[in-house]
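Notes follow once the structure below has been shown.
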Amino acid sequence: MPRSKRSKLVTLSKTDKKGKENKEKTFEAVRQSLDSFRYAFVLSLGNIRSNFLHDIRSDWNGSKLILGKRKVLQKALGESVEDAYKERSNELAEILVDQTGLNALLFTDETPENVEAYFAAFVKLDFAKANNKAPIDFTIPQGIVYSRGGQIPIEEDVPMSHSMEVTLRTKYKIPTKIQGGKIYLDEPFIVCKKGERLDVVKALILKQFGVAATEFKTNLLGYLDTSNSFCKRY
């Protein structure tokens, strides 16, 4: 097993003082965690929402989740056999080479089986954002406008509050009116077709009607068992 690289100078690139301090903190946190925990997992988080990230942190209280720039994480792990902080930790750095989006390292003493089972089950539905692709065909039916816009049977739904009519008509450009004290449409209103690129207004309409059909999941890319230098790529 290679000797500790803690005393070895590693350049984290030129940057402003605050940015450099943050990089150095991340660098040290990774190496301290490699010394403290048996397993190090590489996660691909994509464009994770802050509330989902909070859930992961809460569920893994007692372990250590470190987010950082890909290059900083790689340098902390060691980018070659010679620079590896722990034997084969450079192989985790290699996994990160072609990854995009937000990446993280999870340090834990939980078994790989438990970690794999957790992230396999960690699937969340979220509201689509502008520039996402529409998850479904969505048309608001003619007649009284209900809170779920026709996604569920009328007997299970409730009419949308009349106070929302101005917002629907002026902000979302839906040709609504008040009729009999309820929001009403003279004809069906097509919001989007599945796969269509959403603009800001369409994304807001989907959220207003509770269309949460964008699936988020975290991908495990690989892990290192520091006790026996076993490294696995998924």
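Figures for the structure shown
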read-out: Residue list for the stretch 84-104, restricted to those being surrounded by fewer than 19 Cβ atoms within 10 Å (Cβ to Cβ), at pLDDT below 95 and part of a loop (DSSP other than H, G, I, E, B); value: VAL97, ASP98, GLN99, THR100, GLY101
read-out: Residues satisfying the stated conditions in the stretch 182-218, i.e. assigned to a loop (DSSP other than H, G, I, E, B) and open to solvent by less than 50 Å² (accessible area, probe 1.4 Å); value: GLY195, LEU198, PHE209, GLY210, VAL211, ALA212, ALA213, THR218
read-out: GLY68, sole failed condition from (1) over 24 Å from CYS192 (Cβ atoms); (2) touching a helix residue (DSSP H, G or I) at 6+ places or on another chain (Cβ under 7 Å); (3) surrounded by fewer than 16 Cβ atoms within 10 Å (Cβ to Cβ); value: (3)
read-out: Exclusive hit being farther than 26 Å from PHE52 by Cα and either touching a Phe, Trp or Tyr at 6+ places or on another chain (Cβ under 6 Å) or assigned to a helix (DSSP H, G or I) (or both), set VAL166, VAL115; value: VAL166
read-out: Yes/no for LEU204 being out of contact with any His (no Cβ under 6 Å at 6 or more places or on another chain) and assigned by the TED database to the domain that holds ASN103; value: no
read-out: Count - residues of the stretch 52-95 that are more than 27 Å from PHE216 (Cα to Cα) and either among the polar types (S, T, N, Q) or not assigned by the TED database to the domain that holds THR26 (or both); value: 3
read-out: Of residues in the stretch 63-83 being outside any loop (DSSP other than H, G, I, E, B) and over 22 Å from the mean Cα position of the chain (by Cα), the one nearest to SER227 (Cα to Cα); value: LEU77
read-out: Subset of the stretch 59-94 (residues that are among the hydrophobic types (A, V, I, L, M, F, W, C) and under 20 Å from LYS23 (Cα atoms)); value: LEU65, ILE66, LEU67, VAL72, LEU73, ALA76, LEU77, ALA84, LEU92, ALA93
read-out: Extreme residue, farthest from the chain's Cα centre (by Cα), among residues of the stretch 221-234 that are surrounded by fewer than 19 Cβ atoms within 10 Å (Cβ to Cβ) and of a type in the set (A, V, I, L, M, F, W, C); value: PHE230
read-out: Conditions (1) open to solvent by 60 Å² or more (accessible area, probe 1.4 Å); (2) without any contact (Cβ under 8 Å) to a residue 60 or more places away in the chain; number of the one not met by ILE152; value: (1)
read-out: So SER44, is it open to solvent by less than 30 Å² (accessible area, probe 1.4 Å) and closer than 24 Å to ASP126 by Cβ; value: yes
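The values are calculated or read from the model by the stated rules, or taken from the named source; none is laboratory data. Keep in mind it's a predicted model, so treat the numbers as computed, not measured. Neighbour counts are summed over all protein chains in view; Cβ atoms, including those assigned to glycine, are modelled from backbone coordinates with ideal geometry. Each accessible area value is taken on the protein alone, full model and side chains, heavy atoms only, with ligands, DNA and RNA left out. Shrake-Rupley method; radii C 1.70, N 1.55, O 1.52, S 1.80 Å.
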